[in-house]
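Report on one structure; see the data block that follows.
Nothing in this text is a laboratory measurement; each read-out follows from the coordinates by a stated rule. Nothing here was measured: the structure is a model prediction, and the numbers come from that model. Because the Cβ atoms are built from the backbone with ideal geometry, glycine has one as well, and the counts that use them run over all protein chains shown.
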């Protein structure tokens, strides 16, 4: 600390993370991935192997370790009860991108429990229907198996008759792969591809009157931001040109009421942390800034809004997590 000199305590291959001083002369850490995944020490004394081990913490005397073990297999059963930290909420396991229609039907991407198709059902699991079969999408099966491709983030039209979603390859692969926005009727008929695939497009959201969709684009020529598609004319307009993602349209707004029409998105730049921006159909010079919990930056984060009376919510897909103690 006095000189600022850099000292490297490890060398060789494999990623090394979560360092922790065990004593004044020894650091314990995690070898993440590879044949030696687990606990290791800078002193060279034996640690132990454990796949999925994360976030170790040593006791003050260095004799015991508290750590977390993560695993994506086996996949939990849908609707499996989960531990709740809040008695007002009943947590259940759910696959990715779950969304409930105004008519009481749920839609989600069957990613962990299937092949990244779009599935609908009642919240209790009844009336299950595959409305878009991803095995017929033509996507690379290996990428689908890895969870990198599929039909992602369905959204309901306000009348509950249509579902819009993205079909393609996602995550870092968006830099070279393709994705399109599509829609299908609630019974799985009349599939329509809404974008031409020249620009990677996905994560759509319907306007309150169902006449338009907002979605994000990621082009090879630095084309970024959000676009709005008119479903009648198929014309697009530019909403933003920044690194905006995951837009969501206010359910009460309509295409004819621009002042009340809002879209929220997560924005990240090289010099700032993620934030939520909220703006109307024509972004103002200074959009409202919102925190991760969706509240304006007015100190209300963490408190439920007065109009919310939900007693149940479902978790998105997360890896299984178990705590363990080693001595």
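Side notes on the structure shown:
- Per-residue Cβ neighbour rank within 10 angstrom, fewest leading, 200, 20, 9: 9, 20, 200
- Between residue 55 and residue 23, the contour length at 0.36 nm per residue exceeds the Cα-Cα span by 9.7 nm.
- Cα-only Debye scattering, the range 180-235: base-10 log of I(q)/I(0) at q = 0.18, 0.22, 0.23 Å⁻¹: -0.61, -0.87, -0.94
- Treating r as the C-beta distance of residue 10 and residue 80 and R0 as 45 Å, the FRET efficiency rounds to 0.70.
- From least to most packed, judged by other beta carbons within 10 angstrom and beginning with the fewest, 50, 129 follow the order 129, 50.
- Shape category assigned to the range 77-122 from the gyration tensor of Cα positions, a/c cut at 1.5: oblate
- Stokes-Einstein diffusion of the range 130-185 at 20 °C, 1.002 mPa s viscosity, Kirkwood radius from Cα pairs, rounded to a whole number: 181 µm²/s.
- The convex hull drawn around the Cα atoms of the range 94-229, when projected onto a plane and averaged over every direction, covers 7.7 nm².
- What the Cα convex hull of the range 15-71 gives, in volume per residue, is 73 Å³.
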